[in-house]
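Encoded as structure tokens, the structure appears first; notes follow it.
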Amino acid sequence: FSQGGAVVVHTALRYPQRLAGVVSLSAPTPYLDNLFREASPANADLPMFIAHGRYAPMVPFAHGEAVARALQARGRAVEWHDYNLEHNVSLEEIRDIGRFLARVLA
């Protein structure tokens, strides 16, 4: 969540061994250009669950959308979700994450 999500995205895409997936919630994701240059081929098709609250005051919603679009534009397997939230999580979001994890960990 938030800063942790940014760390997860940067670490996962650079990781040299195959991972099952990534979950990033309401996260700032700076330095995307550097990240794409340094990304490992091992996780080129890594499933990514990216979500953001529409009313998040800490990390603007537009930033979350832009990150998801940038990842998708570079061929990343992004599952984008937005929720009627501020900078928090909801039961709906947790259920969506559960379905994503069940799918990628099957």
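Accessible area of SER90 (1.4 Å probe, protein heavy atoms only, ligands and nucleic acids ignored): about 30 Å². Annotation: amide H-H contacts under 5 Å for HIS81 (H modelled 1.01 Å from N, sequence separation of 5 or more, or interchain): ILE50, ALA51, HIS52.
Taking all protein chains as present, what is the carbon and sulfur share of the accessible area of the chain, in % to the nearest whole number, probe 1.4 Å? Solvent-exposed carbon and sulfur of the chain make up 56 percent of the total.
Sites counted here are chymotrypsin sites (Phe, Trp or Tyr not before Pro) in a DSSP loop (not H, G, I, E or B) having no more than 16 other Cβ atoms within 10 Å; the longest part of the chain that contains none of them is 56-106. Using the rule -39500 (n - 2.57) for each DSSP H run of four or more residues, divided by the residues of the chain, the 222 nm mean residue ellipticity is -13500 deg cm²/dmol. Heavy-atom accessible surface of the chain, averaged per residue, reaches 55 Å², computed with a 1.4 Å probe.
Remark: region 52-68, residue by residue, has Karplus-estimated 3J(HN,Hα) of 8, x, 5, 10, 5, x, 7, 10, x, 4, 4, 5, x, 4, 5, 5, 4 Hz, where x stands for each Gly or Pro and the curve is 6.51 cos²θ - 1.76 cosθ + 1.60 at θ = phi - 60°. Between helix 3-14 and the chain there is an angle of about 20 degrees, using the helix long axis and the longest principal axis of the Cα atoms.
Around ALA51, what is the net charge, scoring Lys/Arg as +1 and Asp/Glu as -1 over all other residues with Cβ under 9 Å from its Cβ? Intermediate values should be presented prior to the final figure.
Details: positive: none; negative: GLU79, ASP82, GLU93, ASP96.
Taking every Cβ under 9 Å from that of ALA51, the sum is -4.
Of the trypsin sites (Lys or Arg not before Pro) found in region 5-95, those in coil by DSSP whose Cβ has at most 15 other Cβ atoms within 10 Å are ARG18, ARG54, ARG74. A DSSP coil position with no more than 14 other Cβ atoms inside 10 Å describes the following GluC sites (Glu not before Pro) in region 8-106: GLU86.
The accessible area of ASP45, taken with all protein chains in place and a 1.4 Å probe, comes to roughly 100 Å².
Ligands, DNA and RNA excluded, the heavy atoms of VAL7 present near 90 Å² of accessible surface to a 1.4 Å solvent probe.
The values are calculated or read from the model by the stated rules, or taken from the named source; none is laboratory data. In this text the structure is predicted, and so the values were computed from the model without any measurement. Note that each Cβ is placed from the backbone with ideal geometry, even for glycine, and that neighbours are counted across all protein chains shown. Surface accessibility is based on the protein's heavy atoms, side chains included, excluding ligands, DNA and RNA. Shrake-Rupley method; radii C 1.70, N 1.55, O 1.52, S 1.80 Å.
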